Structures are given as structure tokens and as C-alpha cells.
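The values are calculated or read from the model by the stated rules, or taken from the named source; none is laboratory data. None of these values were measured; they are calculated from a predicted model. Here the Cβ positions follow ideal geometry from the backbone for every residue, glycine too, while neighbour counts run over all protein chains shown.
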Amino acid sequence: MSKHFPRRTNFLGPDRTTNPLIWGAAMICTIIAIAVIITGLVVLIGYKIIRPKVPFISVTFAHLDKISYDQTGLLNTQITLIIKAENDNVRAHASFSDIKFLLHFNALQIAQLRAAPFDVPKNNSVDLKYVIPSLSIPLEPDAMEDVNISLMQDKISFNLKGNVRTRWRVGVIGSIKFWGSLSCQLQFFPSNGSSTYSHCSTKSK
């Protein structure tokens, strides 16, 4: 007596081959992924070897050339500042642009400092000298009191704030850009115009 076995049913359907376009797309994605990984490794190794430093600006000299004040509340000053742009990278030139600093006395703006874009060679610096005469500054009663106290104590303060844009190219790492902000208090002795030393340089943001 013969046995009959049920016919096996193929639920998966007929065999299908992968579309060549899918294989091509997969290969392209693989190549791109490998290229991204290699690029990342090259940049990381380059950064470790070169160790780039952010160029910065600092106030290296400040002198109160003149200060006069009368009882009508008019203040006249002249200040000399030397601001140094420094590039400590030994393998990359740096550029500085969009320089804008504001000088204030008692929240009253008395001057605006600007400079045209310029380059600083690798491992070098450039000095920017500003001689800042002010027009007669009318003071409010509170500010007049502050000036009187400052003159009696032989110490008067001004505030310098602003921003600068730095850019430099470091080998395989490519072009790097940063904004730097400067905020410092300049303190002077009115009797001789000298200033107290205070470390004042831009901070990246």
C-alpha cells in the first residue's frame, strides 16, 4: 500500500535576487561611512600633533594722559591704550576682524574703538595703539559724586568691553573661527596717570 505525503507548500514565494541598485547604494553608503571615519581620525590625530591655540587680544598698556573735572559736572579725559593681538600658533597664520570695543565711565559711553581686519603671522603679535580723547562728558549728580570720591582716593575706573572675530587655518583640520569677548576694568591713579595691573584678555565664546 503506497503512502501519499502532502505536497510541501512554499510560502516564501519564488527566489528573488537583490536589485543591483540596492547593492550599489549599500556600497556607496559603506564607502562614505569609511571616509567619514578616516577623516575624523585624521583631524583628531592632526589636532593632537599640532595642538592649535586660539588667537586672542589683550590690553598690555593703559595710561590716563589727562583728566579734568569742574564743579559744573563736565569731565574731560584722554586715555592711551595698547591692545595686542597674539597668535601663538607656530604653524598657522591668524586673522582678526570685526573688532569693536566700547569704553565707558560710570555706565556712560565715552569712546568706541575699531580696527580694520588684519593678519598676524604664525607665532607673532601685532600692537594696536589707541589715543582716546573724550569730549566734555556731562555727568549726572551720582556720577559727579563718584568722580569726587575717586579723585580724593586717587583711583578712578573705566570699563572696556567688546568683541573680536578670529580665524585661522590649521593643516588638515581646516579653517577655524571663534568670537572672542573682552570685558575688563581699567583703574588709574589720576595723580600720575599710571594704571594698576590687571590681566585682561579675550575669552572665546
Seminar exercise, completed: The condition of being over 30 Å from SER175 (Cβ atoms), buried (at least 21 other Cβ atoms within 10 Å of the Cβ) and either modelled with pLDDT under 85 or more than 25 Å from the chain's Cα centre (by Cα) (or both) holds, among LEU75, LEU103, only for LEU75
Problem set entry | Filtered residues of the range 134-166 (kept if over 16 Å from GLN187 (Cβ atoms) and modelled with pLDDT of 90 or more) | GLY162, ASN163, VAL164, ARG165, THR166
Seminar exercise, completed: Expected single match for hydrophobic (A, V, I, L, M, F, W, C), within 30 Å of GLN187 (Cβ to Cβ) and either surrounded by 16 or more Cβ atoms within 10 Å (Cβ to Cβ) or modelled with pLDDT under 80 (or both) among ILE57, ILE37, ILE49 is ILE57
